[in-house]
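Where a number appears in this text, it was derived from the coordinates with a stated rule and is not lab data. No experiment lies behind these values; they were computed from the predicted model shown. Cβ sites come from the backbone with ideal geometry, for glycine too, and all protein chains shown count toward neighbours.
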Ligand SMILES: Nc1ncnc2c1ncn2[C@@H]1O[C@H](COP(=O)(O)OP(=O)(O)O)[C@@H](O)[C@H]1O
Ligand SMILES: [Mg+2]
């Protein structure tokens, strides 16, 4: 079943810049998709259409058959989005409060909010510091807190915008590990990045965006040799003709 | 910037942690009012109350006092200014020492009062979850139909969240400018402007990103309402505090 259907999606910013142009694609439930492209190619712009943060000029995005612009709250609940700058997406004064922010917005009752917060913090392994103040956390912990914040809304689709930027090696591994667990648990995963190395070993599908258009869309091993034309570095192992290994090994 | 962050919640299970926030706020206000017009005898009683509160709250007070060290510098400063200012009034020579004593007494009194209010504030903040304070603010604003309580509460919590971020940002900007030799410019106005403008731009950008992130998490003013429950112990505490305030105002007259 297609959980995301995008038809002829275009967006032009008010200053005339073309963000994305004529994107048509569909994503199946449970897929692990990596979206790559050079800076300014339109990855963020595309992702922000999935939960109605940006609305299309032409075309439409449908989630499970329902258009995003027809029911934006539903789209935001269904698509959890982790932004590039972990610092500026933390709202609460404590780790617990921050995770509770989403469920509270959904007007769930207090018990349910608490249950979801505890469950999400357990998933990202932050339950022991639930009363800590967020700005004292490390970069990796902040990113995981952001993930917990969206997990508490129980989304079916998880969208990560450049999740690995400014994370150290253990931070990358831990986030990757948890992302894979979430994928195994049935979530559909979309990751935007310009650095394929860290994540491509786990992807089912690779999309290359260039100048706002999808220029390649295939299984990673089919197109990995050709990505450098679009400002994305081919992973080392692939250059050397070897199989790409996971960062977790 | 740890100095400015001594005021934060510290989890625990003491009686003070479990009291209803609304009662804690009322008690805090009452005690602050009484200590602002208190004299030594009443202040001594309040000091004892503080010791008792510290004991039952199980807070790590040694480390808290260390975090408050800049506040003590401020107190000393206030004390000196106060003592000198009072003795500077024109008096006849032989009376000078008496007036100086008056200044020292005044200064000590003010510092004592300030210290008591700050310590009570610290105990209050340390034993109360920020989200509970927010809920209580909403509750107190409910009777005023023209004040959007929910919005005020959200703004409050965002400010608390943003202050450390802005401070960090400021330090980063200062360091970056220092490493490019801004100290060679002697004009303080120039340096201030060069600091404030980039700081403001970065803060607004952060605020913008935060707004988008909040939107992505379905922010609206219709949210889960937290229930505040008062128990017998809350009423007893409030009653005790009211008695204490009356007692304090009697002692000094
Ligand atoms: N708010 C905006 N106003 C105008 N132009 C924008 C805005 N946001 C992004 N752009 C432009 O749209 C293009 C795509 O940007 P973006 O989607 O952020 O790229 P990516 O995330 O792939 O780096 C860029 O050329 C960028 O300059
Ligand atoms: Mg981007």
Under the definition of Cα pairs under 8 Å and six or more residues apart, what whole-number percent is the relative contact order of region A:135-223? 26 percent
Over chain A, with a Gaussian network built from C-alpha contacts below 10 Å, which listed residue (A:143, A:76, A:115) shows the highest mean-square fluctuation? A:115
One computes Rg over Rh for region A:150-205 from alpha-carbon atoms, with the Kirkwood Rh, and obtains 0.94
At 222 nm, what helix-only mean residue ellipticity would chain A give, in deg cm²/dmol to the nearest 500, using -39500 (n - 2.57) for each DSSP H run of four or more? -9000 deg cm²/dmol
Model label zone, residue A:125; criterion: amide N under 14 Å from point 7 Å along Cα-to-beta-carbon; scope region A:182-220: A:182
Applying 1/(1 + (r/R0)^6) with R0 = 30 Å to the Cβ-Cβ distance of residue B:140 and residue B:10, what FRET efficiency is obtained, to the nearest 0.05? 0.80
R0 = 51 Å: FRET efficiency of residue B:190 with residue B:239, Cβ-based, nearest 0.05? 0.30
I need the fraction of alpha carbon pairs in region A:88-238 separated by more than 28 Å, rounded to a whole percent. 27 percent
Which value, in Å³ per residue, describes the convex hull spanned by the Cα atoms of region A:176-249? 92 Å³
Taking alpha-carbon centroids only, region A:213-249 lies from region A:114-186 a number of Å equal to 26 Å
Compute log10 of I(q)/I(0) for the protein assembly as shown with the Debye formula, placing one identical point scatterer on every Cα and leaving out solvent, at q = 0.06, 0.10 Å⁻¹, to two decimals. -0.40, -0.91
If you build the Cα gyration tensor of chain B and take the root of 5 times each eigenvalue, what three semi-axes come out, in whole angstrom, biggest first? 36, 33, 16
How far, in nm, would the chain grow between residue B:152 and residue B:182 when pulled straight, counting 0.36 nm per residue and subtracting the alpha carbon separation? 6.9 nm
At a threshold of 8 angstrom on Cα-Cα distance, excluding pairs fewer than six apart, so keeping six or more, what relative contact order does chain B reach in percent? 34 percent
Per-residue Cβ contact counts at 10 Å, fewest first, order A:234, A:31 as A:234, A:31
Where the centroid of each part is defined by its Cα atoms, how far is region B:139-209 from region A:1-30 in Å? 36 Å
So the FRET efficiency between residue B:251 and residue B:229, C-beta based with R0 = 41 Å and rounded to 0.05, is 0.75
Could you check which residue among B:214, B:156, B:142 shows the biggest mean-square fluctuation in a GNM of chain B with a 10 Å Cα cutoff? B:214
For region A:1-121, compute Rg over Rh where Rg is the Cα radius of gyration and Rh is the Kirkwood radius from the inverse mean 1/r over Cα pairs. 1.01
Where only alpha carbons of region B:96-201 are counted, the Rg and the Dmax (Å): 21.9, 57
Per GNM of chain A with C-alpha springs under 10 angstrom, the most fluctuating residue out of A:164, A:230, A:96 is A:230
Once you order the gyration tensor axes a ≥ b ≥ c over the Cα atoms, which shape class does region B:1-65 get: rounded for a/c under 1.5, otherwise prolate or oblate by comparing a/b with b/c? prolate
